[in-house]
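Trainee: So that we are looking at the same thing, I have put the structure below in structure tokens.
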Amino acid sequence: MRKFLNQKMFAAWNMWRTWAEEMRRQKHMMGGAVRRMIMRQLSMAWEKWQQVYQDQKFAARMGGGAIRRMLHRQLSMAWEQWQQVCAEMREQREALLLAARRFLNQKMYAAWNMWRSWAEEMRR
């Protein structure tokens, strides 16, 4: 009889453990579902805040840039003119240096060409 009572108690214990484990699992699943719903709204609010912030930042940068460009228009024009003059002067300097090199090395080029023609004749 004692063995029979122990078997019944053991079966009841196992049934309670299974039920308790299932309740823990369901509680965990429900808690996760609730957390996901709550976090989803929090995440959506965070994303919305970031988007609004980025839009405002972009608008401020665009508006500020246009105002700065209008205020500093003459300064910008002077800077562009200086860059253009500088580029022209650089081109003129390079052309002048090339012409000077040709003028200074004119005799050397003439000697080189004379030697080449003499070497050509000697080869024949």
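Trainee: May I ask you to compute the full-extension gain from Val85 to Met114, defined as 0.36 nm times their residue separation minus their alpha-carbon distance, rounded to one decimal in nm?
Mentor: Answer, rounded to one decimal: 6.2 nm.
Trainee: Based on DSSP H assignment, which helices of the chain show an axial Cα extent of at least 18 Å together with a mean Kyte-Doolittle hydropathy greater than or equal to -0.5?
Mentor: Helices meeting the span and hydropathy rule in the chain are 73-104.
Trainee: Taking the Cα centre of the chain as origin, sum charge times position over the Cβ atoms of Lys and Arg (+1) and Asp and Glu (-1), and report the length of that vector in debye to the nearest 20. Provide the component values of the computation, followed by the final result.
Mentor: Numbers: 24 positive and 10 negative charges, 224 e Å.
Using only the charged Cβ atoms, the result is roughly 1080 debye.
Trainee: Also, I was wondering about something else. Arranged from highest to lowest average of other beta-carbon atoms within 10 Å per residue, in what order do the peptides 85-93, 116-124 appear?
Mentor: Numbers: 85-93: 10.0, 116-124: 8.1.
Put in order of decreasing packing, that is 85-93, 116-124.
Trainee: Treat each spin label as a single point 7 Å out from the Cα along the C-beta direction, and report the Lys107 to Leu42 distance in nm.
Mentor: 9.0
Trainee: Projected onto the charge dipole of the chain (+1 at Lys/Arg Cβ, -1 at Asp/Glu Cβ, origin at the Cα centre), which of Trp46, Gln74, Ala119 gives the Cα projection farthest towards the positive end?
Mentor: With unit charges placed on the Cβ atoms, the residue in question is Trp46.
Trainee: Roughly what would the spin-label model give for Glu22 and Ala59, points 7 Å off Cα along C-beta, in nm?
Mentor: With each label placed 7 Å out from Cα toward Cβ, I get 5.7 nm.
Trainee: Could you look at the stretch 1-117 and say what percent of its accessible area is carbon and sulfur, using a 1.4 Å probe and all protein chains?
Mentor: Whole-percent figure for carbon plus sulfur exposure: 65.
Trainee: Report the percentage of all Cα-Cα pairs in the chain whose separation exceeds 22 Å, rounded to a whole percent.
Mentor: In whole percent, the share of Cα-Cα pairs in the chain beyond 22 Å is 78.
Trainee: How far apart, in nanometres, would the label points at Met122 and Ile67 be if each is projected 7 angstrom from Cα along the Cα-to-Cβ direction?
Mentor: 8.0
The values are calculated or read from the model by the stated rules, or taken from the named source; none is laboratory data. These figures come from a predicted structure and were not determined experimentally. Neighbour counts are summed over all protein chains in view; Cβ atoms, including those assigned to glycine, are modelled from backbone coordinates with ideal geometry. Only protein heavy atoms, including side chains, enter the accessible area calculation; ligands, DNA and RNA are left aside. Shrake-Rupley method; radii C 1.70, N 1.55, O 1.52, S 1.80 Å.
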